[in-house]
1. Looking at this structure, is A:ARG209 exposed (fewer than 15 other Cβ atoms within 10 Å of the Cβ), modelled with pLDDT of 95 or more and within 14 Å of chain B (Cβ to nearest Cβ)?
2. If you check B:GLU93 against the conditions, is it at pLDDT below 95, under 22 Å from B:SER410 (Cα atoms) and either of a type in the set (A, V, I, L, M) or surrounded by fewer than 17 Cβ atoms within 10 Å (Cβ to Cβ) (or both)?
3. Do we find a residue being polar (S, T, N, Q), within 23 Å of B:THR152 (Cβ to Cβ) and in a helix (DSSP H, G or I) anywhere in segment B:23-42?
4. Assess whether A:LEU176 counts as being buried (at least 21 other Cβ atoms within 10 Å of the Cβ) and in a helix (DSSP H, G or I).
5. Just to be sure I understand the filter: pairs with C-beta atoms under 6 Å, separated by 6 or more residues or on different chains, first member in segment B:421-439 and under 18 Å from B:GLU167 (Cβ atoms) and in contact (Cβ under 8 Å) with a residue 60 or more places away in the chain, second member in a helix (DSSP H, G or I) and among the basic types (Lys, Arg). Which pairs pass?
6. Looking at B:LEU149, B:LEU139 in this structure, which one is among the aliphatic types (A, V, I, L, M) and within 14 Å of B:TRP409 (Cα to Cα)?
7. Name the single residue that is farthest from the other protein chains (Cβ to nearest Cβ) among those in segment A:230-240 being in contact (Cβ under 8 Å) with a residue 40 or more places away in the chain and in contact with a strand residue (DSSP E or B) (Cβ under 6 Å, 6 or more places away or on another chain).
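The values are calculated or read from the model by the stated rules, or taken from the named source; none is laboratory data. A quick note: this is a predicted structure, and the numbers were derived from the prediction, not measured. Reconstructed Cβ throughout: ideal geometry from the backbone, glycine too, with neighbour counts over all protein chains shown.
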Protein chains: 2
Amino acid sequence: MNEFQQRSAELNDLLCVMNILTWDARTQMPGGGSTARAQQLATLSALARERLTDPAFEAAARAAQQEAADDLQGRAAAQALDAVGAMRRVPEELTRELTLLKSEAQDAWATAKANNDFGAFAPALTRMVELNRQLADALGYEDHPYDALLNTYEPGLTVKTLLPLFERLRAHHLPLLRAIQAKQEPRTDFLTRFYPADAQKAFSLAAARRFGYDTGRGRLDQSAHPFEISFTRQDVRITTRFQEHFLPGALFGTLHETGHAMYEQGVDPAISRTVLTSDLLGLYAVGGASYGTHESQSRLWENRIGRSAAYWKLHYPELQAAFPEPLGDVDEQSFVRAVNRVATSLIRVEADELTYDLHIMLRVDLEMRLISGELSVQDLPAAWNARIREDLGLEVPDDAHGVLQDIHWSAGMFGSFPTYTIGNVMASQFFEAARQAIPELHAQLGRGEYAPLLGWLTENVYRHGRAYTPHELLVRTTGEGLNPQPYLDYLTEKYTGLYGLERQEHPAAHKENA
Amino acid sequence: MNEFQQRSAELNDLLCVMNILTWDARTQMPGGGSTARAQQLATLSALARERLTDPAFEAAARAAQQEAADDLQGRAAAQALDAVGAMRRVPEELTRELTLLKSEAQDAWATAKANNDFGAFAPALTRMVELNRQLADALGYEDHPYDALLNTYEPGLTVKTLLPLFERLRAHHLPLLRAIQAKQEPRTDFLTRFYPADAQKAFSLAAARRFGYDTGRGRLDQSAHPFEISFTRQDVRITTRFQEHFLPGALFGTLHETGHAMYEQGVDPAISRTVLTSDLLGLYAVGGASYGTHESQSRLWENRIGRSAAYWKLHYPELQAAFPEPLGDVDEQSFVRAVNRVATSLIRVEADELTYDLHIMLRVDLEMRLISGELSVQDLPAAWNARIREDLGLEVPDDAHGVLQDIHWSAGMFGSFPTYTIGNVMASQFFEAARQAIPELHAQLGRGEYAPLLGWLTENVYRHGRAYTPHELLVRTTGEGLNPQPYLDYLTEKYTGLYGLERQEHPAAHKENA
């Protein structure tokens, strides 16, 4: 190991350790430990920052860049220097103020949400917008301050690419939604029957293993909010939440986190403990190229595979056997229709695949205007409610079911919302590329053989860790950058079949192909 | 916070984090994570060492010593300077070599034990003895090199104090053992009946809570070897092992770890995150004054309380209710006799209260002679077997049941064995002091009221953390230093009652009082 590799390995160790502490805090820690845990995390975070901005680290990275024994080491050195530069551009005072404000704003948000009182959150949110604008200015951008923030989650993505893409999605989704709304709703009553938590856990874990999640290097626990977290590729853990009167939560939640986990487990051992498995700006150990790329894999495995008719044709009998009481009188087709039902709702995390993107686009539109200064925090609730009315035809009864529903803004995560929809788009692009590369894919999936798909994704996406930008990964595998067409085609085909739509009922869907 | 307090807090955070990683590795981590975990721990350990030997830390400690706002800060500064000095005296090369050898020697030991082949462990053990002798020389001592090693576990204790104390124990224990051996053995067959693990966990946890273990700041898990570990007083965890065909293991094991845990939970919040809850030389976060002091509390709660007739008079009906099948035909007295049975055995961890000390004295005698050079590793097995024959009247059938049974020497822990017996001795001294301070103690314990005892121990021992040496703690609470008499009296009285002995059957027991 040269000095750059040595220092990178230590940095990655620190980030992994912070992840371990986070996992423990969310799944195991007794309540009394929270203050001490926050102090321990703050100490580790300060240490990591100190070592990252240590001039010796920069010098080592420059030396490594000169040598550049191979492409990977050159990429690692370049990314390290980028991170050091970005961290230097952000004034320490701003970092400190943001850290304090995040904890303060999250408290204010939680109280505001509980009391349905946006006014109690508005001052903290106003300050959060100001500081994020300052952060954007410090990080730097060419066209739009939002680009600087977006970049910390999705390297290389800009408003210039994002907005036209969103417009195409919107032009497709809204007519498709209207067409679906004109049809009869599938029944879903049986999804809220009694499903014992133990049986849910057993089935979910078996399903995760069947996809290829290696529990010799991972484990499944419970937590209030499901998540995936890794401490090198050798220890990648997922959590889920078992609700005994709502089957899809844990079932698809586990498949979702499994997608994230298999990405992390698939990283090339050669880039373990390097910059290429470290988010140096976010101070987070992670093997995925970006939030969007990561989300593409969770959604690919959850939605493209886990919600497909082919999947349940094969596995529904097992599900029925696991839950004979609640599913005994439900046939496979009814189940597939139920878990793919499209229905407008006020809450993002409860949304279906189609309306989910509409929730995201609303948030991105509003947060971009907050950051640019076009929209004030005071006018935010009204803007939110108007857009919900316009897109979904729903009236927001109170802010708790509206503008206060998400934690993101109180956590200072401006620029992260787009990555959910970008993940949907990329998932279809990667899946299409896999389908073209593996002629037998359809037949394999029909037989429950997931190893070839996992192998292709590992070879083309997972093993690279953060070596390539999302754009580079897409070009390498699909020959082009972000392209929503495969995703739009997938949705159109899926819902046309499920709801028995006529082509002319949603003409917008294919206008780009026309 | 002044700079010394700030730096001490960060150091304590790092040590707590290392403890968290250790707890996770032993209770939660999937097998695949072990190599990465070792690297993470090595990185943290190097960082802690770096910050401990940072000249700025020493300067800050000296400044704090000058100010010495209060006695506690003065003690913290003095301990920090001691640790820095000791760490500086040990050559880095020796530390590195010891770290490498520990992992190598433990592998060699495990293999040797599995194959019953001492020869496979001898070279690593020989080197381990050499390096520990070098460590002793580097750390420094007045009379015996063993003192230097002993001091890292039991500050202030020397061979000069230890040996006469051991002689008194030996002179007491051996005749008492012979007298007991002449009596009829109690039946113990029912202890190996079927005790469901779930019920064991429920009963053990309830018993721990009853003593005063605060599960809002702790939790009970399973692990191969039971242990207690703390990440500040706010998060103190214990583990146990549930064997479904051996009830006492988990039952008394949990009470033992509970004693350790209540010590850690009882540390004064004012010395949380300071040097006074840090073992700076051992790089371990711990609130107890020494290994022996800690062991005194685990044994006090396990043995003095948990194995007493008074305890079971009160709680045996609950135990019977928890295990109606295996205990339905067993009366309380038979149970108390069974869990207090004295029987010679080859294995230390299976030994009763009386023969346990004999196992310890054997080890201490041998390891002192190894360190001084009087005994060679080659002659070790024969010396072991001879002593087992002499003290316990048993023939060692193979080294796996003899000299290879403990992990300590392969882990480089020369000097730690005495602390088990020191713990027994101190437990009785503290208990006697509590009994004198609380006239109602006997009646309270008979009613299952443990809070007054816990309160006294917290006030007089636990809250001080590592502020006082074990000797200082003893003098503060009992007016004298180490004194085995209360322990000898306890054992004599206990076994006289249990086995119906006559005084003249074990005259040695009271010769010092004569």
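1. Numbers: exposed (fewer than 15 other Cβ atoms within 10 Å of the Cβ): yes; modelled with pLDDT of 95 or more: yes; within 14 Å of chain B (Cβ to nearest Cβ): yes.
For A:ARG209, the condition - exposed (fewer than 15 other Cβ atoms within 10 Å of the Cβ), modelled with pLDDT of 95 or more and within 14 Å of chain B (Cβ to nearest Cβ) - is met.
2. On the way: at pLDDT below 95: yes; under 22 Å from B:SER410 (Cα atoms): yes; either of a type in the set (A, V, I, L, M) or surrounded by fewer than 17 Cβ atoms within 10 Å (Cβ to Cβ) (or both): yes.
Yes: the conditions hold for B:GLU93.
3. Step one: list which residues in segment B:23-42 are polar (S, T, N, Q), which gives B:27-28, B:34-35, B:39-40.
Okay, now just the ones that are also within 23 Å of B:THR152 (Cβ to Cβ), so none.
Within segment B:23-42, not a single residue is polar (S, T, N, Q), within 23 Å of B:THR152 (Cβ to Cβ) and in a helix (DSSP H, G or I).
4. Details: buried (at least 21 other Cβ atoms within 10 Å of the Cβ): yes; in a helix (DSSP H, G or I): yes.
Criteria met by A:LEU176.
5. Final answer for the pair search is B:ASN424/B:ARG299.
6. Values: B:LEU139 fails: within 14 Å of B:TRP409 (Cα to Cα).
One residue alone meets the criteria, B:LEU149.
7. So the residue we want is A:THR239.
One line per residue, one yes/no per condition, for (1) under 25 Å from B:ALA136 (Cβ atoms); (2) loosely packed, with under 15 Cβ neighbours inside 10 Å; (3) under 24 Å from the mean Cα position of the chain (by Cα):
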{"site": "B:CYS16", "(1), (2), (3)": "no, no, yes"}
{"site": "B:LEU21", "(1), (2), (3)": "no, no, yes"}
{"site": "B:ALA25", "(1), (2), (3)": "no, no, yes"}
{"site": "B:GLY31", "(1), (2), (3)": "no, yes, no"}
{"site": "B:SER45", "(1), (2), (3)": "yes, no, yes"}
{"site": "B:GLY74", "(1), (2), (3)": "no, no, no"}
